[in-house]
Amino acid sequence: MIHQRSLFDEADAAAPIPVPNRHSTANTSREAYATIKPRIGRVDAEVVQTVRNSANGLTREEIAYQAGMRLATVCGAVRRQLDAGKLTERGTRKTASGSSAKVVFAN
């Protein structure tokens, strides 16, 4: 128990007040980060699985259609997985809208 000094404890005025250590010595923030870092999010996992299920690769538009996701969501997930090395882009083909798009394959 910590002794709380009053204003009238002049005899102990020079003695330091003990302060309990309220922080654990374990670095929990870094441990938590290390635990979740290698995980892949649900959206990214679904995008990778959709691409893996295709023998001829898919454009981002095709991934969005097959996975039932918005194109913007798919584009972000594809970019993250390209950076992580789980997906790769090879060649182009025409999309339903008539534009040319890169084809994504699983590694």
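Things worth noting here:
- In terms of Cα atoms, the Rg and Dmax of the range 27-83 work out to 13.8, 46 Å.
- With DNA, RNA and ligands ignored, accessible area of Lys86 (1.4 Å probe; Å², nearest 10): 90 Å²
The values are calculated or read from the model by the stated rules, or taken from the named source; none is laboratory data. Here the structure is a predicted model, which is why all the values come from computation and not from measurement. These accessible areas exclude ligands, DNA and RNA; they are computed on the full protein's heavy atoms, side chains included. Shrake-Rupley method; radii C 1.70, N 1.55, O 1.52, S 1.80 Å.
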